[in-house]
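Enquirer: Mind looking over this structure? Questions follow.
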Amino acid sequence: MELNLNKPLIIFDIESTGVSVGKDKIIEICLYKVFPDGNKEIRTYRINPERHIPEETTKIHGITDEDVKDKPTFKQLSGELITFIGNSDLAGYNSNKFDVPILVEEFLKAGVDFDISNRRFVDVMNIFHKMEARTLKAAYLFYCGKDLINAHSADADTSATYEILLAQLDRYQGVEFEDREGNVSIPIVNDIKALHDFTKNPNWVDMVGHLVYNERKQECINFGKHKGKVAEEIFKTDPSYFSWMMNADFPMSTKKIITEIKLRSFNNK
C-alpha cells in the first residue's frame, strides 16, 4: 500500500546526548522524505552537539565524541535542514513525545522559527499502543486465547496473570532476546530468579526509579534540578535537598534508601 499524500511526509529519527528536550542536543538525524508522487529521498546528518556525549548514552546509539567532533553544529546545518523539510508533515516512532519537540527546540536555539501550525504529526508508536492494547485483558486473549471475564476483580485478575505466565513460558521457550547493547540471551526460562532478573529494571536503586545507578554504580537523582547527579554529592553540597526529599511525598522505601546514602556520606567525611 502506498501512502495517500497531498504534500511530502518526512519520517525521521533522532539520536541525542540524552532524553531531556530542554537540555540535550541532537547528534544524528535521519530524514526519509516521501513525495506525493511516490518518489523518496533520504538524508542523514551527524551533528556536533558542542558538549560531551555521556558514556551511558553512547552505549545505546554507539556515537562518541570522536565521531562528531569535526561535524557541523545544528545551527550551521539549520538552513539546509529547514530547506529540505520545507512544508512536509512529520512522522516517527515516539516522535510526538521526543523527536518533534527536540527538533523544534534545536531550531529555536539556532534562531530559526520552525512553524508547526500547518504541519501534521504521525506517531507510529501511538498507533501501535492504541491498536494493540497492553491491558491484562488483552494479554490474556493474546497468550491464552480466552476472554477475561470479571476483569478488575482480584481473583479473576490473579488467575489470569498466572495463566499468562505459564503461556509465556511455553511461547518464548528457546526464543532469543537482544538487548540495547546487542547482547543476545534466552531469558524466558522456567526459573523464578531468571524471570526476576529479566523483568526488573537493573538501573533502579529504589522501587519506583527516583534513584538510578550510573555507569559507576553510584546512586543518582533521577528527577528535577539534580537529575543525573550523584545523590551522595548532592546531599553534601545541598543538605536542604535531602531535607526536602524527606518531607516531600516520596515513598517510605525511597526515604529509607536516601537516609542510608546520607549516613554513608556523613561517615565518609
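Enquirer: N96 - would you say it is in contact with an Asp or Glu (Cβ under 6 Å, 6 or more places away or on another chain) and closer than 21 Å to F12 by Cβ?
Expert: Numbers: in contact with an Asp or Glu (Cβ under 6 Å, 6 or more places away or on another chain): yes; closer than 21 Å to F12 by Cβ: yes.
Yes, satisfied.
Enquirer: Same structure again: What helices (runs of 4 or more DSSP H), lying completely within region 94-207, carry at least 3 residues that are farther than 24 Å from I63 by Cβ? Walk me through it before giving the result.
Expert: On the way: elements: 100-109, 124-131, 136-144, 154-171, 192-199.
The qualifying helices (runs of 4 or more DSSP H) are 124-131, 136-144, 154-171, 192-199.
Enquirer: Within region 46-66, work out how many residues are touching a helix residue (DSSP H, G or I) at 6+ places or on another chain (Cβ under 9 Å) and assigned to a helix (DSSP H, G or I).
Expert: Within region 46-66, residues that are touching a helix residue (DSSP H, G or I) at 6+ places or on another chain (Cβ under 9 Å) and assigned to a helix (DSSP H, G or I) number 2.
Enquirer: Then there is this: Inside region 23-40, can you point out the residues that are part of a strand (DSSP E or B), buried (at least 16 other Cβ atoms within 10 Å of the Cβ) and among the charged types (D, E, K, R)? Can you show your working first?
Expert: Keep residues of region 23-40 that are part of a strand (DSSP E or B), which gives 26-34, 40.
Still in the running and buried (at least 16 other Cβ atoms within 10 Å of the Cβ): 26-29, 31-34.
E28, K33 - these are the residues of region 23-40 that are part of a strand (DSSP E or B), buried (at least 16 other Cβ atoms within 10 Å of the Cβ) and among the charged types (D, E, K, R).
Enquirer: Another question, if that's okay. Just to be sure, is S20 in contact with a helix residue (DSSP H, G or I) (Cβ under 8 Å, 6 or more places away or on another chain), surrounded by 12 or more Cβ atoms within 10 Å (Cβ to Cβ) and either at positive phi or not in a strand (DSSP E or B) (or both)?
Expert: On the way: in contact with a helix residue (DSSP H, G or I) (Cβ under 8 Å, 6 or more places away or on another chain): no; surrounded by 12 or more Cβ atoms within 10 Å (Cβ to Cβ): yes; either at positive phi or not in a strand (DSSP E or B) (or both): yes.
It is false that S20 is in contact with a helix residue (DSSP H, G or I) (Cβ under 8 Å, 6 or more places away or on another chain), surrounded by 12 or more Cβ atoms within 10 Å (Cβ to Cβ) and either at positive phi or not in a strand (DSSP E or B) (or both).
Enquirer: So S88 ticks every box in (1) in contact (Cβ under 8 Å) with a residue 40 or more places away in the chain; (2) within 23 Å of N48 (Cα to Cα); (3) in contact with a strand residue (DSSP E or B) (Cβ under 9 Å, 6 or more places away or on another chain) but one. Which box is left unticked?
Expert: Going through (1) in contact (Cβ under 8 Å) with a residue 40 or more places away in the chain; (2) within 23 Å of N48 (Cα to Cα); (3) in contact with a strand residue (DSSP E or B) (Cβ under 9 Å, 6 or more places away or on another chain) one by one, S88 breaks only (2).
Enquirer: Please state which of the following conditions V122 fails to meet, knowing it meets all the rest: (1) more than 20 Å from the chain's Cα centre (by Cα); (2) in the same structural domain as S95 (by TED's automatic domain parsing).
Expert: So the condition that V122 fails would be (1).
Enquirer: If you take the residues of region 51-71 that are closer than 11 Å to G18 by Cα and charged (D, E, K, R), which of them is nearest to the chain's Cα centre (by Cα)?
Expert: Among them, the one singled out is E56.
Enquirer: Quick one: which of D238, D249 is out of contact with any Cys (no Cβ under 9 Å at 6 or more places or on another chain), in contact (Cβ under 8 Å) with a residue 12 or more places away in the chain and acidic (D, E)?
Expert: Working: D249 fails: in contact (Cβ under 8 Å) with a residue 12 or more places away in the chain.
Result of the check over D238, D249: D238.
Enquirer: Filter region 1-17 down to the residues that are polar (S, T, N, Q) and loosely packed, with under 14 Cβ neighbours inside 10 Å and list them by number.
Expert: To start, the set of residues in region 1-17 that are polar (S, T, N, Q) comprises 4, 6, 16-17.
The answer is N4, N6.
Enquirer: Can we say I11 is touching a residue at least 60 places away in the same chain (Cβ under 8 Å) and not in a loop (DSSP other than H, G, I, E, B)? If you could, list the steps in order and put the result at the bottom.
Expert: On the way: touching a residue at least 60 places away in the same chain (Cβ under 8 Å): yes; not in a loop (DSSP other than H, G, I, E, B): yes.
So I11 fits the description; yes.
The values are calculated or read from the model by the stated rules, or taken from the named source; none is laboratory data. In this text, all values refer to a predicted model and were calculated from it rather than measured experimentally. Positions of Cβ are backbone-derived with ideal geometry, glycine not excepted, and every protein chain shown enters the neighbour counts.
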